[in-house]
Amino acid sequence: MRVLGCVFIGLTLLVGTSTYASDTDLQEAHAVYQEAGDWHAALPHAQAAYETAQELYGLDSINTSLLGLEYGEGLSRVVRWDEAIEVLGASIPGLRVDAAFNSEGLFEALYLLGRAQRHFHGTEDDYDHGDGALDEALAMGRTLYGENSEEVGLIYLEIGRPNTHNVEPRVANRQRGIVMSSRFVPEDIQHEALARAHDIFETTHRDLELAQVQAIQGMNLMILGRKYAANDVLDPAFETLTIAGYADDTMVSIYLTWVRLRTASYPLPRVERAMEDVSAYAALRVDGNLHPLIRPGPRYPDNLAPRHVDGRINFSFDVDENGHPQSIEITESDTDSTYDAAALEAVSTFRYIPKMINGRAVATEGVTYSFRFGAQGDTFAGFPLDFGPVLPPIGGDLTGPVPR
């Protein structure tokens, strides 16, 4: 979905020689991207164009808004969601004024804004903010392109996209079983949107987008405990995504969830081997956030295990480009030193999928984590940790071969 032609036409008609600097910066940004496919290299030029237009014409001018649309897309491409939300949100008022001449520009800005709000870090409030932009984009898309168009299919995909930033299966103990954290999307809305996106992409032969829809649908089947049906959907979906060399944070979270559910009862060495496939897939991302891969709980010392002392230990650490914790520090603890030592040893064995910037793994500073000990806690020897709000345990047999 691109409206670059509309952007350049608008600049040619409206900018004129007095804004040559911003026009040149934008054209240079496009030249860099088209030549190298590198949004990171193009982004400083797009930013310079946007800031120059603000100085010359103000924030709400059509010139600034058109350049903000371009800069906002670039920020989205490099997973700088919070900045993208700010720039796109500021650009939409100007695009509304020009909507009679460039309705495609307003449509794309609304789509990109809703998409960024869906992806941004994942609290329920953040996530819900995308609804208004996506609903308006959907109405515009139906008018501009038709109900069964690829553009409308992309809107349906975003409406049906779950929040996967903090979604991960967990085994708190043998009695509670496997549970997952909330997805935020009402099931009826999500399922209907995904069904519409599925039909559109299947009809228009957009295999890459169809595979993303199928991956989300497969995750929903996992949540329902329909293991075999989920495998039937997820196997071809991730085969298509891998062959295409496409990965984003949502797809990585779903793949990680899939493997974790299948390996929940496996010993740690087998889990570590299974996670190698997840790491290989995640490495396909050009840009992406840090993801927890393996976080085993600490083991109680044998002489203290029966006590089940209530307590919490908070940690801060960095994660290097290989996904290993470094510079681990206990920032707060209300347990004794023996528990601290066990927890510290456990954190040292954590493994992460590293953050990616422009196709390169980079270190992440200031990661925080907490262990909870005690009868109401979630830390049990040999089991992965408990994260987030609890849903009812997933039914069905979730053991079996690790997906490849």
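Structural remarks
- Candidates 255, 228, 246 - the one that is in a loop (DSSP other than H, G, I, E, B) and assigned by TED's automatic domain parsing to the domain that holds residue 152: 246
- Qualifying position, being in a helix (DSSP H, G or I), at pLDDT 90 or above and within 25 Å of residue 145 (Cβ to Cβ), among 209, 239: 209
- Scan of region 321-357 for residues that are touching a residue at least 12 places away in the same chain (Cβ under 8 Å) and small (Gly, Ala, Ser), ordered by number: 323, 333, 342, 343, 346, 348
- Strands (runs of 3 or more DSSP E) (entirely within region 300-360) containing at least 2 residues that are among the hydrophobic types (A, V, I, L, M, F, W, C) and at pLDDT 95 or above: 311-319
- Set 91, 61, 65: member being at pLDDT 90 or above, farther than 30 Å from residue 355 by Cβ and in the same structural domain as residue 133 (by TED's automatic domain parsing): 65
- Scan of region 212-232 for residues that are surrounded by fewer than 21 Cβ atoms within 10 Å (Cβ to Cβ) and at pLDDT 95 or above, ordered by number: none
- Flag for residue 196 being at pLDDT 90 or above and assigned by TED's automatic domain parsing to the domain that holds residue 262: yes
The values are calculated or read from the model by the stated rules, or taken from the named source; none is laboratory data. Not measured: the values here are computed from a predicted model. Because the Cβ atoms are built from the backbone with ideal geometry, glycine has one as well, and the counts that use them run over all protein chains shown.
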